[in-house]
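Note sheet for the following structure.
The values are calculated or read from the model by the stated rules, or taken from the named source; none is laboratory data. Remember, predicted model here, so these are calculated numbers, not experimental data. Note: ideal-geometry Cβ built from the backbone for every residue, glycine included; neighbour counts use all protein chains shown. Ligands, DNA and RNA are stripped out before the accessible areas are found, and what is left, the full protein with its side chains, is counted by its heavy atoms. Shrake-Rupley method; radii C 1.70, N 1.55, O 1.52, S 1.80 Å.
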Amino acid sequence: MADPRLTPARADLAARHLEGKVRAARFVDGVTLEVAAAVAPVRRAPAPDAPLDTEALKGERVTVYDRDSEGWAWGQLEADGYVGWLPAAALKAPGAAPTHKVSALRTFAFPGPSIKLPPAESLPLGARIAVSAIEGGFAITAERHYLPAQHVVLLDVDEPDFVAVAERFVGTPYQWGGRESLGLDCSGLVQQALYAAGLACPRDSDQQAGLGQPLAVDALQRGDLIFWRGHVAMLTSPTHIVHANAFHMAVVIEPFAEAVARTISRGGGEPTGYRRI
């Protein structure tokens, strides 16, 4: 059975390329749009109180297959293939192709060349922007926003250590479905860290359990991923992990053995697998 998280198909409507593969009342061509908002929620249903499944960041592309009368768009994210409902107001026709990405956990975009101006928006790590010039310490975007030049890098510049990226999120609140510095979940943390290092990564922990190669517990080292049912953590050393978790309600670094003991005591069981990217 096709994974509904990754398959743009419903009983009433499906993507044209799925014709003959899934059942649907009709098949439609999608329209490629760009995320215009700093962060756009991707929800399970077209309602503001529907569960948050993931988030799309500024500059990411989404193929939209449906819109409703209440201002919601149903589509599939280009980066990780996730399907869901986004606020239509958070999307726009693609503009100038992104040239840079935000490399700070968060940065401000100002409406002019002064950090004393009220920010026009606040952008998270990984947001993609089209920079037309770098002048006076600012990266100037196609929409005439001014970002601190030290907070952006070219799209092809990758972080050398994805674990160090994950460690930068320590203290960030835990949020189911989040993937940015105001809140993120366990798999969102892993995805953002790997993305920053130029590595592809699916969205959810069960999908991430297929990354890399399997390992024995006695071979673990920094950067390896540890999986439980519904959870993923990353080793910062052979004895410590970094993870976003609902026990601390934050991203923390803690002893691996302590996390295992706590998970067992709370009925979560032993780790289910270990993977090396």
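What the table shows:
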{"quantity": "The stretch 7-131, dipole about Cα centre (Lys/Arg Cβ +1, Asp/Glu Cβ -1), debye to the nearest 20", "calculated": "220"}
{"quantity": "Structure-based [θ]222 nm, the chain - -39500 (n - 2.57) summed over DSSP H runs of at least 4, per residue, nearest 500", "calculated": "-3000 deg cm²/dmol"}
{"quantity": "The stretch 1-68: relative contact order in percent, alpha carbon pairs under 8 Å with at least 6 residues between", "calculated": "27"}
{"quantity": "Whether the chain is rounded, prolate or oblate, judged on the alpha carbon gyration tensor where a/c under 1.5 counts as rounded", "calculated": "oblate"}
{"quantity": "FRET efficiency estimate (nearest 0.05) - Cβ-Cβ, Met249 to Ala149, R0 41 angstrom", "calculated": "0.75"}
{"quantity": "Debye intensity ratio I(q)/I(0), log10, the stretch 121-245, q values 0.21 Å⁻¹ (C-alpha model)", "calculated": "-1.19"}
{"quantity": "Sequence-separation-based contact order of the chain, relative, with Cα cut under 8 Å and 6+ spacing, percent", "calculated": "12"}
{"quantity": "Cα gyration tensor, the stretch 19-99 - rounded (a/c under 1.5), prolate or oblate", "calculated": "oblate"}
{"quantity": "Nearest-0.05 FRET efficiency for Asp158 and Ala50, computed from C-beta distance (R0 35 Å)", "calculated": "0.55"}
{"quantity": "The stretch 25-95, accessible surface, carbon-and-sulfur percent (1.4 angstrom probe)", "calculated": "50"}
{"quantity": "Dipole magnitude (debye, nearest 20) for the stretch 168-233, charges at Cβ of Lys, Arg, Asp, Glu", "calculated": "120"}
{"quantity": "The chain - charge dipole about Cα centre, Lys and Arg +1 at Cβ, Asp and Glu -1, debye rounded to 20", "calculated": "260"}
{"quantity": "Anisotropy class of the stretch 195-277 from Cα gyration tensor, a/c 1.5 cut", "calculated": "rounded"}
{"quantity": "Mean accessible surface per residue for the stretch 19-99, computed with a 1.4 Å probe while every protein chain stays in place, in Å²", "calculated": "46"}
{"quantity": "³J(HN,Hα), Karplus 6.51/-1.76/1.60, whole Hz, each residue of the stretch 186-202, x for Gly, Pro", "calculated": "4, 6, x, 5, 4, 4, 5, 5, 5, 4, 4, 8, x, 10, 5, 7, x"}
{"quantity": "Packing-based order for 36-46, 156-166, 263-273, using average beta carbon neighbours within 10 Å, highest first", "calculated": "36-46, 156-166, 263-273"}
{"quantity": "All lysines inside 22 Å of Lys101 as judged from Cα atoms, apart from same-chain residues fewer than 8 positions distant", "calculated": "Lys58, Lys92"}
